[in-house]
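To keep things clear, I will list the structure first and then write my remarks on it.
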Protein chains: 2
Amino acid sequence: MKITRVAIIGLGLLGGSVGLAVQARLPGVTTTGYDRDPTVRDAARARGLVQHICDSASEAVRDADCVILCVPVGAMESAAREMAEGLSPHAIISDVGSSKKSVADALATALPGRTIIPAHPVAGTEQSGPGAGFATLFEGRWCIITPPEGADKNAIDALAAFWTGLGAKVEMMDADHHDLVLAVTSHIPHLIAYTIVGTASDLEDVTRSEVIKYSAGGFRDFTRIAASDPVMWRDVFLNNKGAVLEMLGRFTEDLTALQRAIRSGDGETLHDLFSKTRAIRREVIDQGQDDERADFGRTHGE
Amino acid sequence: MKITRVAIIGLGLLGGSVGLAVQARLPGVTTTGYDRDPTVRDAARARGLVQHICDSASEAVRDADCVILCVPVGAMESAAREMAEGLSPHAIISDVGSSKKSVADALATALPGRTIIPAHPVAGTEQSGPGAGFATLFEGRWCIITPPEGADKNAIDALAAFWTGLGAKVEMMDADHHDLVLAVTSHIPHLIAYTIVGTASDLEDVTRSEVIKYSAGGFRDFTRIAASDPVMWRDVFLNNKGAVLEMLGRFTEDLTALQRAIRSGDGETLHDLFSKTRAIRREVIDQGQDDERADFGRTHGE
C-alpha cells in the first residue's frame, strides 16, 4: 500500500505545509484540498498550496487514498462528518492534531469502521493561516503516529512512509503517552508563555510600553509562542486536560521550591538547577532539534 | 566630559561585547581589560576583546576615565574593591548588571565618594565566556542608566553618549523601578524557563530522551534561556529578591486562574487571553525588539 492521492482538509500553517512539502518532495503524489473559509481557499489557490482546491470537503476527499485533517482538534469531529460521504472505503484517515486521545475518539465517533491512524508532526511556527506554511517545515522534525489498537499494519506503514517522504522522522506511540509527553514539551510551555505575556501586559506599576521596550531581556522569547493561533491552542487545552493539569501541578511544585530558595537566599539550590538545565540545551542542539547559533540565529544589528 | 579611555573588568559575553563594540564603533576610545580568571584573559587576548589585557584590576583601571564592571552582580563589591587603588579620582564607575539597586549599594560601599553611575544594557544571548561576545550586541537595544540621587550631570551625559555610541538607545530610570520592570521582562522569564526545563528533565513517566526529541513543540525555546550563565542568574535572583517575588506572585495568580479555566472547560477565558497576547508580539516586532521572521529566523530544513 502506498499513498498516491492526498486530500488535505484545513489549509492553514500545517495543511499548507503538508501540501507544499508533498509537491516539493513527492512528485508522484497528487494533492487536493479544502478549507471551510472561502477566503482561505482563495489564498491557498493563489499560493498553490495543493494542486486542486475543491469547494466542499466531500469533493476534496473523493478518490483520495489518504485524508489529512489539519483543523483545530476541537473541529476534527465536525470536519470528519462533513467529508464522510465523499470518502473512498479504503482511505486512510489521519490528522496533524496536538492531542491524540481526543482526536482518536472524535474520528472513531464520526467515521465508524474506517481506517483511522492519527498522527502529530511536532513542528510549527507562531504564524498561522494559508500564508504561513512552507515546504521544509517537517524536515528533521519528529512525526508521532498513534495507531489505535488493531489498526491495519499496511496503513500504518504507508502513513509512516508518507511522513518520512516529507522529511520527518517517524515514531510510534500510544495515544495516552503521546498526550503526556506533549503536555511537557509543548502544551505547558505554551500555557506558561501565554500566562506571563498576559501578566506582563496587565500590570499597573510597569507600563505596557516598558514591557515592550525591555523585552530583549528574555520576555520577547515568550511573546513568540504566545502569538500562536488562539483557537488551536484553546482546543489543545480543552482536549488534553488531564495530562496538562498533571504536568502543571509538577511545574508549580518546582516553581514553589525555587520561590522558597529565593526568599531564603539559598544560592546553592538556584545554582545547582541553573547548571543542570544547560546540559539539556546542549542535547537539544546535538540532536538537531534546534539551531545552534546563539539566540536562535536572530539578527543582531544591521 | 567625554569618555576616551575605557577599562572593562570581567571579559565574558558582556565585557567582551563592550570591548569589541568600542573598537568597532568608537575609534578614538582606548580599551583596557582584566578578568580574574587567567584562562579568560588568554582567550580575551587571542580574540582581541580589548586593546590591552592587564594582569590586575588596578592596573587595568589606571588612567581610565570610565570603568565598566562586567561581572555577576554578586561579585560587584569585591571587583570594585580589587580595582580601587588604581582608580583615577574622576573616573566614572559603571556596570552592566541586571539588578540596579543592589549594585548601586555595593559600589557605594566599596568606593565611597566616587562617581558611580550604574547602567544595564538590556541585551545578551544564552552564551557566556570570552568567546561569546560580539560587536553588534547592543545595536537597537535599550541601555537603562540609573543615576543615584545627586549624581554628576556631566558624568551621566558622558555615559549616555558612550552607550549611544555603541548603538544602544538610552533611557534614564530610578533603580527601584528598573528592578521591578526587569523582574517582569527578564528575571521571571528566566526563572520560569529554568523551572520548566528542570521539571521536564526530572519526570519518571516521560523520559529525558522524549523531552529532547519532541522539544520543537515549544519546549526548546525555554532551553535557550535556561542555558544562560548559572552564576550570573543565581546572583540576579539573590539581588532582586523583592521585585522577583512580587512579580512571581502575580504570575502564579494568573496561572492558577488559567488552570481553573482548563479544569472547568472554560474555553472562552482561554481564547480571550490567547487572542490578547498576540498583539504584544506584534508590538515587540514593530518596535524593533525582535526578529520579524517566523520562528526567530531559525533554520528549517537544509
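With the structure loaded, tell me whether residue A:221 is touching a Gly at 6+ places or on another chain (Cβ under 7 Å) and under 16 Å from residue B:222 (Cβ atoms) or whether it fails that test. No: the conditions fail for residue A:221. Within region B:82-97, if we keep just the residues that are of a type in the set (D, E, K, R) and within 15 Å of residue B:33 (Cα to Cα), the residue that is farthest from the chain's Cα centre (by Cα) turns out to be B:82. Within region B:6-28, none of the residues are at pLDDT below 95, within 20 Å of residue B:89 (Cβ to Cβ) and of a type in the set (A, V, I, L, M).
Tallying residues that are touching a residue at least 60 places away in the same chain (Cβ under 8 Å) and touching a helix residue (DSSP H, G or I) at 6+ places or on another chain (Cβ under 6 Å) within region A:252-288 yields 0. Scanning region B:195-205 for residues that are within 17 Å of the chain's Cα centre (by Cα) and crowded, with 24+ Cβ neighbours inside 10 Å turns up nothing. If you go through region A:194-218 and pick out every residue that is more than 7 Å from every other protein chain (Cβ to nearest Cβ) and in contact with a Ser or Thr (Cβ under 8 Å, 6 or more places away or on another chain), you end up with 1. The selection criterion, being at positive phi, touching a residue at least 24 places away in the same chain (Cβ under 8 Å) and surrounded by 24 or more Cβ atoms within 10 Å (Cβ to Cβ), does not hold for residue B:15.
Scanning region B:233-251 turns up no residue that is in contact (Cβ under 8 Å) with a residue 40 or more places away in the chain, touching a Lys or Arg at 6+ places or on another chain (Cβ under 7 Å) and either facing another protein chain (nearest Cβ under 7 Å) or charged (D, E, K, R) (or both). Any residue that is of a type in the set (Phe, Trp, Tyr) and assigned by TED's automatic domain parsing to the domain that holds residue B:65 - is there at least one of those in region B:187-198? The answer is no; no qualifying residue exists.
Just for region A:101-128: of the residues that are within 14 Å of another protein chain (Cβ to nearest Cβ) and out of contact with any Cys (no Cβ under 9 Å at 6 or more places or on another chain), which one is surrounded by the most Cβ atoms within 10 Å (Cβ to Cβ)? Once the filter is applied, the top-ranked residue is A:124.
Applying the set (1) within 14 Å of the chain's Cα centre (by Cα); (2) facing chain B (nearest Cβ under 7 Å) to residue A:221 leaves exactly one unmet item: (1). Put simply, of A:54, A:66 the only residue that is over 24 Å from residue A:228 (Cα atoms), touching a Phe, Trp or Tyr at 6+ places or on another chain (Cβ under 8 Å) and surrounded by fewer than 23 Cβ atoms within 10 Å (Cβ to Cβ) is A:54.
If you go through region A:271-287 and keep only what is within 8 Å of chain B (Cβ to nearest Cβ) and within 19 Å of residue A:140 (Cα to Cα), you end up with A:280, A:281, A:282, A:283, A:284, A:287. Tell me whether region A:33-48 contains one or more residues that are closer than 25 Å to residue A:149 by Cβ and in contact with a Pro (Cβ under 8 Å, 6 or more places away or on another chain). Looking for residues that are closer than 25 Å to residue A:149 by Cβ and in contact with a Pro (Cβ under 8 Å, 6 or more places away or on another chain), one finds none in region A:33-48, hence no. A single entry from B:226, B:216 fulfils the requirement of being in the same structural domain as residue B:192 (by TED's automatic domain parsing), modelled with pLDDT under 95, buried (at least 19 other Cβ atoms within 10 Å of the Cβ) and not β-branched (Val, Ile, Thr): B:216. Out of all the residues in region A:255-265, is one or more surrounded by fewer than 17 Cβ atoms within 10 Å (Cβ to Cβ), modelled with pLDDT of 95 or more and at the interface with chain B (Cβ under 7 Å from one of its Cβ atoms)? The answer is yes; a qualifying residue exists. Among the residues of region B:140-152, the one identified as within 10 Å of another protein chain (Cβ to nearest Cβ), in a loop (DSSP other than H, G, I, E, B) and crowded, with 18+ Cβ neighbours inside 10 Å is B:141. Inspection of region B:156-169 identifies at least one residue that is touching a Phe, Trp or Tyr at 6+ places or on another chain (Cβ under 6 Å) and surrounded by fewer than 19 Cβ atoms within 10 Å (Cβ to Cβ). All conditions in (1) part of a helix (DSSP H, G or I); (2) more than 7 Å from every other protein chain (Cβ to nearest Cβ); (3) touching a strand residue (DSSP E or B) at 6+ places or on another chain (Cβ under 8 Å) hold for residue B:170, with the sole exception of (1). In region B:281-302, what residues are within 20 Å of residue B:217 (Cα to Cα) and in a helix (DSSP H, G or I)? B:281, B:294, B:295, B:296, B:297, listed by residue number. Screening region A:173-193 for residues that are more than 7 Å from chain B (Cβ to nearest Cβ) and either surrounded by 24 or more Cβ atoms within 10 Å (Cβ to Cβ) or free of Cβ contacts under 8 Å to residues at least 12 places away in the same chain (or both) and picking the one that is nearest to residue A:226 (Cα to Cα) gives A:193. Take region B:266-293 and flag every residue that is buried (at least 17 other Cβ atoms within 10 Å of the Cβ) and under 25 Å from the mean Cα position of the chain (by Cα). B:277, B:280, B:281, B:283, B:284, B:285, B:289, B:290, B:291, listed by residue number.
The values are calculated or read from the model by the stated rules, or taken from the named source; none is laboratory data. Worth saying up front: this structure is predicted, and the values here are computed from it rather than measured. Methodologically, a virtual Cβ is constructed for each residue, glycine included, from the backbone with ideal geometry; neighbour enumeration extends over all protein chains shown.
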